Structure formats: C-alpha cells, structure tokens
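Below you'll find the structure, written out as structure tokens, and then a few comments.
Any read-out appearing in this document is the output of simple, stated calculations on the displayed coordinates, not a laboratory observation. This is a predicted model, so every value here is computed, not measured. A quick note on method: Cβ atoms are made from the backbone with ideal geometry, for glycine too, and the neighbour counts reach across all protein chains shown.
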Amino acid sequence: MLYILCILYNVQLKIYNTLYIILLYYYHYLSLFQSTIVNVEKNINEMLHTQHWSRSREARDLNLLLDNNSYVQTWSIAQVAVITLTTMIQVYFVRKLFDVKPSGHSKTRI
C-alpha cells in the first residue's frame, strides 16, 4: 500500500512539475506579449504626439499665410489707388497744358 501511495505521489508530482513548466512557459510568452503591447502603445502615443505637433505647425503656417495675403492685398490696393490718382493728375495737367483759351479778340498769328 505504501508503495502504491509513493507511486501515486510521484505521478502527481510529475504532473504538477509538468504543469508548472507549462505555466512558466506561458508566463514567459505572456510577458513577451505584454512587453510587445507596451512597445506598440508607446509607438502609437509617439505618433499621436507627432501628428498633434504637425497639426499645430500647419495651423500656424496657415495663419501666417493668411496674414501675409491680407498684407499684400492691402498694399496692392493702396498702390493701385496711388497709381490711379497719379494718372488722373497727369491727365489733368497735360490737358490744361494744351487747353486753348479764347481771348477777347481773335487774331490769327501767321
């Protein structure tokens, strides 16, 4: 009877040892899987940070572009107004230069 108990105990011990080895094997692969998941999460967070930074730069560049466009349009309109005013003044003085005023007596010069 004692011999059978020893054999049963030995068999159970072998089963427990096998189960323990299997559990250690799975624990090792689970820890590798966990470290891979942590690494992927870190990379995703880094990409999200990069995308946020890129969006903020894009918004800043768009605002700068719109401000420059407004500045150029304002000065272009001002230059067009100055050129138009200058042209009108020149036309006035050129017409005044060639304007013939009739005098009280009309003599023709020969």
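Once the convex hull of all Cα atoms in the range 1-68 is built, its volume per residue stands at 42 Å³. Given +1 at the Cβ of Lys and Arg, -1 at the Cβ of Asp and Glu and no other charges, the dipole of the range 1-68 around its Cα centre is 320 debye to the nearest 20. Were the residues from Y29 through K96 laid out at 0.36 nm apart, the gain over their Cα-Cα distance would be 14.2 nm. Sparse packing (at most 14 other Cβ atoms within 10 Å of the Cβ) combined with a DSSP loop state is found for the following chymotrypsin sites (Phe, Trp or Tyr not before Pro) in the range 11-110: F98. With θ taken as phi - 60° and the Karplus curve 6.51 cos²θ - 1.76 cosθ + 1.60 applied, the whole-hertz 3J(HN,Hα) list for the range 30-42 is 5, 5, 5, 5, 5, 5, 5, 4, 4, 5, 5, 4, 4 Hz, x standing for glycine and proline. Listed by chain and number, the aspartates and glutamates whose C-alpha is less than 12 Å from the C-alpha of K14, apart from same-chain residues fewer than 8 away, amount to an empty set.
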